[in-house]
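Below: one structure, written as structure tokens.
The values are calculated or read from the model by the stated rules, or taken from the named source; none is laboratory data. What you are looking at is a predicted structure, and each value in this text was computed from that prediction instead of being measured. Using ideal geometry, Cβ is built from the backbone for each residue, glycine included, and neighbour counts are taken over all protein chains shown. SASA here: full protein model, heavy atoms, side chains in, ligands and nucleic acids out. Shrake-Rupley method; radii C 1.70, N 1.55, O 1.52, S 1.80 Å.
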Amino acid sequence: SPAAEDAADGGLHWDARHCFNAEGVYCYCGEGRSLGEVALQCCGCRQWFHARCVSAKCVSSMVPMQRNYTFVCRVCTGSVPGTVAGFERFDLLENNWRSIVECAILNLSLDEQGVLRLEGGGARTPRFSIKEEIVPWIRSHFKTLGNGREISKLLEARQQTVEKLVFAQANAEVFEHAERHSVSVRHPEKKSLAPMLTRAMQHALAKPKQEADSQNNSTPDDGSVVGGKRPLVGAAATASEKKKGKRSSGGDKKHGKPQRAPEAPMLPPQLVPENCRMVPVVRCSEMAQVIQDAGIVQLSVTHKAASLRVVKPTGDTNGAYMIASGFKGYRTVCATHAVGHGTWYYEVRIHTESDDADGHARLGWATELATPDAPAGYDEHSYAYRSRAGTAFHQSRGQRFGAQGFGRGDVVGCLIHLPQASTLPRQRPRLTLKSGQYLIIDPEQKRISNDGSFLAFFKNGQLQGVPFTEIGAEWFYPAISLFGDISVTANFGPNFEHPPSELPEGLSCFQPMSAAADDPVAQAHANPAPKEEGEECIEAAVADGEDAAAAEEEEGSAAMEVDGASSAGPSSLAPSAGP
């Protein structure tokens, strides 16, 4: 349970969220409370008050855990600017769709005793259907919960408002879903249930705290009373906002707002090579502030289409982004690392709501010139293996490949073999203009094929074939394209769920894609060279379980080998002694 702390109001011991105290004393009446009943938190003393004990009439139409209000109790009125001593102050604020949907899911998760039902080891609430459960619940409680919003957004023909909100990348850490129509709230026991803060209240809290920090004084972090001043409410808050005037979109350092990140320097036009070609850089800016660990190969939060959503596995708050979900038409997300030399492998598990769900996927490889707003295999800069009918795509031309496609529950492996090192830079120079960033394509850098290169794909460890050979001598990113109601989980190694039981002819070793991040210098310039001819590989252990377990313990190496000569079934993989 959260560690209790002494509170200023009567020495009560509150939890970390200041939601419940150990003594069970709340309100004017001193009785207990639960999450299942409506309660208001005073922005002065931060004590909770039952709706039945509050004089404001509109409180009767509120729902539990609703946050779009400001409230000052009778004890604190007079000491808080904008209030009259002895009279409660209650203001209903304009709500936002994120808070509305979050409140709906939390209320749907309550049991008869007013306790949250949790799943996934407490990492999330139960999942609920957007159309059948969440939206109907919001419509039936829209009077105060939807203050400032349009109920017409919840009509059958306009429910995309809620769907877009849930699947927006900016809310990836708030909402979790396995399929398009099934949604839950992440880490509900860590959610703040305190009332919303207006902009003026945020300023009132931030300024004294900054002043105290500058004087090296201890500053309370409870978010209510800071530096001896209480937040403004009601008319005083409105007057304060008008007095401060409009702020620039870049933020205000004086009031503790984040500053706009410095823009990339403008490259003078005279430095651009003559007759060069400029290709627009399409990137998602919703999570541009997220810093991904360069030492982990994962799905990129920026090198993707805006309509795709990438999240961390449920309950893994410190892990990597490995799950991607589709929403509309075909869009692409790439990995954070590229490879330009050697043999590399990764796999993807497919998740759909049902076997006949309206969702499809293309898995493969793409260069930085491939646009995320199109599927892999759309142009000459990407190659893909499609779930429907098992079709291989390149330059929008499909060819039958494999006995059948893949779908729900399947694990698809993608292998690339690049025997010759790429002569092109991993990242091309860029030009920053007012209209955006552009890749500078030098006309003298001709696109050539990589002799002996090929792509191979696997389904549940079984080789489906080699649809593409003599691919370009470039740097390739793992690429995942999704269409409609579908989600996938990427696995870049080194431990694979369905490692290949056999490799294409002439190939004995490969490296897991995770090894591309082992050496930052190699990743920035050239990947580790493949194993030299004649170099010995550690034999794969396939005779019995003990040998296989011993092979799994040697995970320090990147390359892997398949012992295809064994007759004991699908061959297991062992690390290679080479790079």
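Details
- Some residue of the stretch 117-126 being under 22 Å from PRO188 (Cβ atoms), out of contact with any Pro (no Cβ under 9 Å at 6 or more places or on another chain) and modelled with pLDDT of 90 or more: yes
- Within the stretch 119-140, the set of residues being open to solvent by less than 60 Å² (accessible area, probe 1.4 Å), touching a residue at least 60 places away in the same chain (Cβ under 8 Å) and out of contact with any Asp or Glu (no Cβ under 6 Å at 6 or more places or on another chain) comprises GLY120, GLY122, ALA123, THR125.
- Entry remark, the stretch 115-173: residues being among the polar types (S, T, N, Q) and in a helix (DSSP H, G or I) number 7 in total.
- Of all residues in the stretch 100-114, exactly one satisfies the criterion of being in contact with a Gly (Cβ under 6 Å, 6 or more places away or on another chain) and part of a loop (DSSP other than H, G, I, E, B), namely GLY114.
- Test set (1) modelled with pLDDT of 90 or more; (2) open to solvent by 10 Å² or more (accessible area, probe 1.4 Å) - GLU347 fails condition number: (2)
- Members of the stretch 156-178 found to be modelled with pLDDT under 75 and open to solvent by less than 80 Å² (accessible area, probe 1.4 Å), listed by number: GLN159, THR161, GLN169, ALA170, HIS177, ALA178
- Residue check, LEU431 within 27 Å of the chain's Cα centre (by Cα) and outside any loop (DSSP other than H, G, I, E, B): no
- Scanning the stretch 385-406 for residues that are out of contact with any Phe, Trp or Tyr (no Cβ under 8 Å at 6 or more places or on another chain) and among the basic types (Lys, Arg) yields ARG388, ARG397, ARG400.
- Residues that are part of a loop (DSSP other than H, G, I, E, B), of a type in the set (A, V, I, L, M) and open to solvent by 30 Å² or more (accessible area, probe 1.4 Å) were ranked within the stretch 53-99; the one that is nearest to SER192 (Cα to Cα) is LEU93.
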